[in-house]
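Engineer: The following block contains the structure, expressed as structure tokens.
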Amino acid sequence: FGIMAGKVKWVTDIEKSVLINNFEKRGWIQVAENEDWNFYWMSVQTIRNVFSVETGYRLSDDQIVNHFPNHYELTRKDLMVKNIKRYRKELEKEGSPLAEKDENGKYIYLDFVPVTFMLPADYNLFVEEFRKNPSSTWIMKPCGKAQGKGIFLINKLSQIKKWSRDSKTSSFVSQSSKEAYVISLYINNPLLIGGKKFDLRLYVLVSTYRPLRCYMYKLGFCRFCTVKYTPSTSELDNMFVHLTNVAIQKHGDDYNHIHGGKWTVSNLRLYLESTRGKEVTNKLFDEIHWIIVQSLKAVAPVMNNDKHCFECYGYDIIIDDKLKPWLIEV
């Protein structure tokens with residue numbers, strides 16, 4: 001980019017003001033897709049075409065795009081978990097101290113994603129785990145959807161059986177889309193603030209996977225539920241209690257359109273420092289950063305590290321009432 005002395009020619013196929021305002025503020029020049037561009041901020045659909053075997057582009061040295069070709073290794077719920085599980089096994093084989101387990105066979109350091117199974121493939125494994133702790137609540141999510149669509153909570157095996165029957169009988173759900181569900185142990189002891197559940201959205205920029213180079217954005221935020229949290233099973237269907245997605249919360253009666261149920265990360269930090277102390281707060285944020293790096297290391301070996309690519313990831317983290325951070329998805 002140095003050659004052009006700041007006059008970057010950019011294209012986007014996402015009409016979001018946050019992108020356009022930022023590019024214009026830098027004095028960059030907008031061009032059309034079929035003109036000479038240096039920088040293309042594109043949707044994941046477009047990236048498929050750029051790197052597809054049939055239609056593939058030849059990117060020149062002064063062109064960069066905002067996705068890695070197979071970014072989904074991290075951004076699909078099922079693949080992220082699969083990659084993290086593989087990473088743990090590899091570290092274990094190497095005898096790495098990171099892969100150390102406690103007397104119950106639980107990872108001491110690498111236990112940062114909730115126990116997760118793919119359905120229907122891992123159904124039997126899931127049942128085995130469920131029976132160990134039959135009072136637990138589980139959360140079901142379609143792998144390929146966002147914004148809280150298709151998510152529900154269960155606490156009985158019969159609910160899974162019903163789900164599997166329902167999805168078999170409805171004709172428009174093909175086998176392949178039925179495949180793609182994950183079921184995870186629900187974190188039912190989230191840290192509450194003002195009685196409400198929240199999660200953290202943090203932004204991480206990866207400029208290269210080999211060597212791994214990542215940057216943490218200062219501006220992240222907490223997303224709060226609009227309704228007070230209760231682990232009571234009578235409220236399992238109330239998504240205003242359980243899901244922080246703004247796409248869901250904005251339909252609630254108590255949604256605040258001014259702050260959108262959000263706090264900045266620095267606000268959260270101040271709040272935790274004043275209620276739990278500085279040391280505990282620093283430890284929490286160190287752990288969060290460590291988890292992020294571990295998740296990137298887990299996918300680095302499988303990521304097509306194309307030199308024309310970078311990516312800005314949104315990390316969703318939930319903090320439980322023991323101040324342990326959990327990686328939910330990317």
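Engineer: Spot the failing condition for Gly95; the list is (1) surrounded by 10 or more Cβ atoms within 10 Å (Cβ to Cβ); (2) more than 20 Å from Asn305 (Cβ to Cβ), and only one is missed.
Structural biologist: (1)
Engineer: For region 1-102, please list each of the helices (runs of 4 or more DSSP H) lying entirely inside it that holds at least 2 residues being touching a Leu at 6+ places or on another chain (Cβ under 7 Å). Steps first, please.
Structural biologist: Working: elements: 17-25, 44-50, 72-75, 77-93.
Output list reads 72-75, 77-93.
Engineer: Can you name every residue in region 288-327 that is assigned to a strand (DSSP E or B), within 20 Å of Lys89 (Cα to Cα) and open to solvent by 10 Å² or more (accessible area, probe 1.4 Å)? First the steps, then the outcome.
Structural biologist: Narrowing region 288-327 to residues assigned to a strand (DSSP E or B): 309, 311-320, 325-327.
Keeping just the survivors that are within 20 Å of Lys89 (Cα to Cα) gives 326-327.
Passing the criteria: only Trp326.
Engineer: So how many residues does region 112-127 have that are part of a helix (DSSP H, G or I) and open to solvent by 50 Å² or more (accessible area, probe 1.4 Å)?
Structural biologist: Result for region 112-127: 3.
Engineer: Select from region 141-162 the residues that are under 19 Å from Val330 (Cβ atoms) and either crowded, with 16+ Cβ neighbours inside 10 Å or of a type in the set (Lys, Arg) (or both) and list them in ascending order. It would help to see each step written out before you state the result.
Structural biologist: Initial filter on region 141-162 (under 19 Å from Val330 (Cβ atoms)): 141-151.
Passing the criteria: Lys141, Pro142, Cys143, Lys145, Gly148, Lys149, Ile151.
Engineer: Could you give me the residue pairs with C-beta distances under 8 Å whose first residue belongs to region 61-83 and is crowded, with 20+ Cβ neighbours inside 10 Å, whose second residue is among the basic types (Lys, Arg) wherever it lies, and which are 6+ apart or on separate chains?
Structural biologist: Here the result reads Lys77/Lys141, each pair linking region 61-83 to a residue that is among the basic types (Lys, Arg).
Engineer: Working only within region 79-112, note down all residues that are aliphatic (A, V, I, L, M), farther than 24 Å from Lys141 by Cβ and out of contact with any strand residue (DSSP E or B) (no Cβ under 9 Å at 6 or more places or on another chain). Before you say what the answer is, go through the steps one by one.
Structural biologist: So in region 79-112, the residues aliphatic (A, V, I, L, M) come out as 79-81, 84, 91, 98-99, 108, 110.
With the extra rule that they be farther than 24 Å from Lys141 by Cβ, the set shrinks to 91, 98-99, 108.
Across region 79-112, the qualifying residue is only Leu91.
Engineer: I've got another one for you. Can you find even one residue in region 43-51 that is over 22 Å from Val330 (Cα atoms), of a type in the set (S, T, N, Q) and surrounded by fewer than 20 Cβ atoms within 10 Å (Cβ to Cβ)?
Structural biologist: Yes, because at least one residue in region 43-51 is over 22 Å from Val330 (Cα atoms), of a type in the set (S, T, N, Q) and surrounded by fewer than 20 Cβ atoms within 10 Å (Cβ to Cβ).
Engineer: Which condition number in (1) touching a Cys at 6+ places or on another chain (Cβ under 9 Å); (2) acidic (Asp, Glu); (3) modelled with pLDDT under 95 is the one that Asp199 fails?
Structural biologist: Against the list (1) touching a Cys at 6+ places or on another chain (Cβ under 9 Å); (2) acidic (Asp, Glu); (3) modelled with pLDDT under 95, Asp199 comes up short only on (3).
Engineer: Just for region 238-285: of the residues that are of a type in the set (Phe, Trp, Tyr) and either at pLDDT below 90 or over 18 Å from Asp320 (Cα atoms) (or both), which one is most open to solvent (accessible area, probe 1.4 Å)? Talk me through it step by step, then tell me what you get.
Structural biologist: Our first condition is that a residue be of a type in the set (Phe, Trp, Tyr); within region 238-285, this holds for 240, 255, 263, 271, 285.
Subsequent filtering for residues that are either at pLDDT below 90 or over 18 Å from Asp320 (Cα atoms) (or both) retains 240, 255.
On the way: Phe240: 63, Tyr255: 38 Å².
So, considering only residues that are of a type in the set (Phe, Trp, Tyr) and either at pLDDT below 90 or over 18 Å from Asp320 (Cα atoms) (or both), the one most open to solvent (accessible area, probe 1.4 Å) is Phe240.
Engineer: Let me ask something else. Given (1) within 15 Å of the chain's Cα centre (by Cα); (2) more than 20 Å from Pro190 (Cβ to Cβ), where does Val127 come up short, assuming only one miss?
Structural biologist: Just one mismatch for Val127, condition (1).
The values are calculated or read from the model by the stated rules, or taken from the named source; none is laboratory data. What you see is a predicted model; the values in this text were computed from it and never measured. Heads up, the Cβs are rebuilt from the backbone with ideal geometry, glycines too, and the neighbour counts pull from every protein chain shown. Each accessible area value is taken on the protein alone, full model and side chains, heavy atoms only, with ligands, DNA and RNA left out. Shrake-Rupley method; radii C 1.70, N 1.55, O 1.52, S 1.80 Å.
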